[in-house]
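Here's the structure, in structure tokens; my notes come after.
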Amino acid sequence: MPISDAVTAIDRDLREIFADRLRSVVAYAVADRAPHTPQPTLVVVDALTPADLRACASRVAGWHDAGLATPLLLEASEFERSLDAFPFEFGAILADHVVVSGVNPLEGLRVDPADLRRACEVQARSHLLHLREGYVETQGRSDALADLIARSSAPLSALLKSVARLKGTVMGDGVLAEVAGLDGRLPSGDAARRLFPDYLSAVEHLTNEIDRWGRG
């Protein structure tokens, strides 16, 4: 991937802030990143202080105006330890990145498939628990149920993408594809009442499937 002028500029800014404590600046691509969304960067430093954060905060508006996302700031000592905690996020960085300056912090690193499966299970179980809790909180109202389903569509899409990356196949079909396809749009009250039982059942089934992958 090419290094844009904006990325070169943030590299200069970060060098002014961190000086010789700056180890690496990495720009990376995200597979499902929409066009014209901010360019993400990973920044690895020897030490990170409150004064550094204040200095970054004073420049972040300019970075955003230039089409950059707020940089992901990590101390070198915590970088490798973060791989197992955020395997999908770091897996995406590993898959498509370019070193803007400094050493390559990703050289020789890999994401453990067991960490991917565990993260996917956490994501699925969290989604299932939120659906159950959310349903109780609707108090049986169709409009509240429609809102619950609409708000859950984006997290469901993220879950299905994680499952696809883990297994290499798309598992979202039927009611899961229908809910994910809402993309935040409100279904009618009647549609919400029709969808929810099958939706909940499908998420329960998917969660159990992910759990069984870990026992195989």
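The values are calculated or read from the model by the stated rules, or taken from the named source; none is laboratory data. All of these numbers come straight from a predicted model, not from anything done at the bench. With ideal geometry, Cβ positions are generated from the backbone for all residues, glycine too; neighbour counts draw on all protein chains shown.
Just to confirm my filter: which strands (runs of 3 or more DSSP E) fall fully inside region 41-157 and include at least 1 residues that are touching a Gly at 6+ places or on another chain (Cβ under 8 Å) and in contact (Cβ under 8 Å) with a residue 24 or more places away in the chain?
Because the criterion is at least 1 residues that are touching a Gly at 6+ places or on another chain (Cβ under 8 Å) and in contact (Cβ under 8 Å) with a residue 24 or more places away in the chain, the strands (runs of 3 or more DSSP E) in region 41-157 that meet it are 41-45.
Pull up region 99-108, narrow it to residues that are farther than 14 Å from Ala76 by Cα and surrounded by 14 or more Cβ atoms within 10 Å (Cβ to Cβ), then point me to the one that is farthest from the chain's Cα centre (by Cα).
Ser101
From the list Thr70, Thr41, Thr37, exactly one residue is buried (at least 16 other Cβ atoms within 10 Å of the Cβ), hydroxyl-bearing (Ser, Thr, Tyr) and within 22 Å of Pro2 (Cα to Cα). Which is it?
Thr41
What do you reckon, is Val98 touching a strand residue (DSSP E or B) at 6+ places or on another chain (Cβ under 9 Å), farther than 16 Å from Val179 by Cα and among the β-branched types (Val, Ile, Thr)?
Yes; evaluated as a whole, the condition is true for this residue.
Which residues, taken from region 102-137, are of a type in the set (A, V, I, L, M) and farther than 17 Å from Leu159 by Cα?
Val103, Leu106, Leu109, Val111, Val136, listed by residue number.
What about Val163, is it out of contact with any Pro (no Cβ under 9 Å at 6 or more places or on another chain), without any contact (Cβ under 8 Å) to a residue 24 or more places away in the chain and on the phi < 0 side of the Ramachandran plot?
Criteria not met by Val163.
Considering only residues that are modelled with pLDDT of 90 or more and on the phi > 0 side of the Ramachandran plot, which ones fall in region 74-128?
Gly102 - this is the single residue of region 74-128 that is modelled with pLDDT of 90 or more and on the phi > 0 side of the Ramachandran plot.
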